[in-house]
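Data block below; observations after.
Just so it is clear, none of the values below were taken in a lab; they were calculated from the coordinates. Here the structure is a predicted model, which means the values were calculated and not measured. Note that we place each Cβ from the backbone using ideal geometry, even for glycine, and neighbour counts take in every protein chain shown.
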Amino acid sequence: LVISYGGKRILLSGCAHNGMLSILDAFRDKYGTAPDVAISGFHLMKSTKYTDEEYREIVDIGKELKKYPTFFFTCHCTGEPAYEIMKFTMGEQLQYVHSGEIVACDFFETVKEK
């Protein structure tokens with residue numbers, strides 16, 4: 001789902017089962033550019049500790065996402081451990097949102113709903 005708001009394109013994806021990078025490629029194919037904002041779970045949550053290979057894969061995904069001129073809000077099935085791994089690479093380009101929070105599209109910040 002793409003929302004056009006204030007001259008920006010916001011990509012919404014519940015859970016990126018096919019991979020966020022594949023979704024971004026499809027977006028670029030359709031619109032000729034990257035989204036300004038993407039809101040999606042990254043399907044990286046698991047109940048056990050990540051293997052070294054899984055850890056490296058999460059780091060690599062973060063490095064690839066960082067190449068996009070996109071601000072990412074992640075949630076749902078990313079899980080906070082994977083978020084923390086990606087946050088180290090992506091810095092301020094990545095934010096975790098939780099249930100009960102609102103993404104204010106006019107300035108792309110998260111605020112708690114009162």
In degrees, nearest 10, the alpha-carbon axis of helix 52-66 is tilted away from the dominant principal axis of the alpha carbons of the chain by 20
Rg from C-alpha atoms of the stretch 2-112, normalised by the globular rule of thumb 2.2 N^0.38 Å, equals 1.03
Pseudo-spin-label distance Asn18 to Val2, built 7 Å along Cα→Cβ, given in nm, is 1.4
If unit charges are put on Cβ atoms (+1 for Lys and Arg, -1 for Asp and Glu) and the dipole of the chain is taken about its Cα centre, the option from Tyr50, Leu1, Met90 lying farthest towards the positive end turns out to be Leu1
If unit charges are put on Cβ atoms (+1 for Lys and Arg, -1 for Asp and Glu) and the dipole of the chain is taken about its Cα centre, the option from Ile23, Leu65, Ala104 lying farthest towards the positive end turns out to be Ala104
For Tyr96, the residues 5 or more places away or on another chain with a placed amide H closer than 5 Å to its own amide H are Thr74
The ³J(HN,Hα) series, computed from each phi in the stretch 44-51 with the Karplus coefficients 6.51, -1.76 and 1.60 at θ = phi - 60°, rounded to the nearest Hz and given as x for glycine or proline, is 10, 5, 8, 8, 10, 5, 5, 6
Tilt, helix 20-31 to longest principal axis of the chain (alpha-carbon atoms), in degrees rounded to tens, equals 30
Taking 0.36 nm per residue of separation between Thr33 and Lys49 and subtracting their Cα-Cα distance, the length gained on full extension comes to 2.2 nm
Quick note on Met45, Met20, ordering by fewest other C-beta atoms within 10 Å, gives Met45, Met20
Proxy exposure order for Phe88, Phe73 (fewest C-beta within 10 Å first) is Phe88, Phe73
To the nearest 20 debye, the stretch 2-112 has a Cα-centred charge dipole, built from +1 on Lys and Arg Cβ and -1 on Asp and Glu Cβ, of 200
Of all DSSP beta bridges with both partners in the chain, the antiparallel percent, nearest 5, is 40
Over the chain, the sum of -39500 (n - 2.57) across DSSP H runs of at least four, divided by residue number and rounded to 500 deg cm²/dmol, gives at 222 nm -10500 deg cm²/dmol
Links exceeding 20 Å between C-alpha atoms in this model, out of Lys8/Lys67; Lys63/Lys87; Lys30/Lys63; Lys66/Lys87, come to Lys30/Lys63
Note: Lys67 to His98 extended length (0.36 nm per residue) minus current alpha-carbon separation gives 8.7 nm
Footprinting proxy, Glu92, Glu57: sorted fewest to most Cβ within 10 Å, the residues are Glu92, Glu57
With Cα coordinates, the longest principal axis of the chain makes an angle with the long axis of helix 80-90, in degrees rounded to 10, of 70
